[in-house]
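Structure record follows, encoded as C-alpha cells.
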Amino acid sequence: MGLSIRAYARRRGVSHVAVLRAIKQGRVAVEPDGTIDPAKADASWERSTDPGRTRTKPKPAAEKLRPVGEAALGSVRETLREQGLPSGGNVTFVQARTAHEIAKAHLARLRLQRMKGELVDRARATALVFRLAREERDSWLNWPARVAALMAADLGVEAHAVQKLIETHVRGHLAELAEIRAEFR
C-alpha cells in the first residue's frame, strides 16, 4: 500500500519538500499510481543519502555506517592504515570521511610548512646539492697545487713529485665520493 508524498514525509520525519527533492533527484521512486512504497523508498533513501547532511535523530552505529564506492577504497584503506586506524572489510562512509579529513589536515600542514619556509622544492634542493658538490670537488682539485710546495719544503723533497702524489690520492678519493648518489624522498 503506497503513501502520499506528505504521508511519507511525516513517516520519515522530513518535510514534503525534501521528499519532492529526493524524487526529482531519483533517490526515491514513485509508483505508477503516484504513491510511494515506504519499504522501497526507505531502502533507496538510506543508500543514496549522505549521513553527514541529515538532521534526523542519531541511529545505532550499525545502521549509521554504509559502504562507499569502489573507486577510492585503496586510498582510504591506506590513509587509515597509516594513521593506525582499522580499515578492514567494507569501508564505510564514516571511514572515508575520516580519511578525507586526515588528507585535508596533511595538506594544510604542508601548505603551512611551505609558507614558513620549512619545505623546499625537490628540484631546487637537488640543484643546490649538485652545485655545492661541484664547488667542493673543484676546491679539492686545486688544493694539491697550493700545498705541494709547502709540504715539499717541510719534507725537503722535490715539490713536483709531492704534487703528483697528492693529486693521485685526491683524485682517487673524489672518484669514491662520486659514487655516492643523493636521494631526496
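The values are calculated or read from the model by the stated rules, or taken from the named source; none is laboratory data. On a predicted model such as this, the values are computed, not experimentally measured, just so you know. FYI the Cβ positions are ideal-geometry reconstructions off the backbone, even for glycines, and counts take in every protein chain you see.
Per-structure values
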{"read-out": "All positions within the stretch 1-38 that are within 40 Å of the chain's Cα centre (by Cα) and not in a loop (DSSP other than H, G, I, E, B)", "value": "12, 17, 18, 19, 20, 21, 22, 23, 24"}
{"read-out": "Residue that is at pLDDT 85 or above and either over 27 Å from residue 104 (Cβ atoms) or surrounded by fewer than 16 Cβ atoms within 10 Å (Cβ to Cβ) (or both), where the choices are 22, 61", "value": "22"}
{"read-out": "Matching entry among 95, 113 (being in contact with a Leu (Cβ under 8 Å, 6 or more places away or on another chain), assigned to a helix (DSSP H, G or I) and more than 30 Å from residue 51 (Cα to Cα))", "value": "113"}
{"read-out": "Meets criteria (closer than 30 Å to residue 49 by Cα, among the basic types (Lys, Arg) and modelled with pLDDT under 85) for residue 122", "value": "no"}
{"read-out": "Residue match in the stretch 96-108 (condition: among the acidic types (Asp, Glu) and over 29 Å from residue 75 (Cβ atoms))", "value": "no"}
{"read-out": "Residue list for the stretch 5-14, filter: at pLDDT 90 or above and among the small types (Gly, Ala, Ser)", "value": "7, 9"}
{"read-out": "Members of the stretch 137-163 that are surrounded by 11 or more Cβ atoms within 10 Å (Cβ to Cβ) and in a loop (DSSP other than H, G, I, E, B)", "value": "157, 158"}
{"read-out": "Qualifying residue in the stretch 164-173 (condition: charged (D, E, K, R), at pLDDT 90 or above and outside any helix (DSSP H, G or I))", "value": "no"}
{"read-out": "Per-region count, the stretch 97-128, residues under 13 Å from residue 83 (Cβ atoms) and aliphatic (A, V, I, L, M)", "value": "4"}
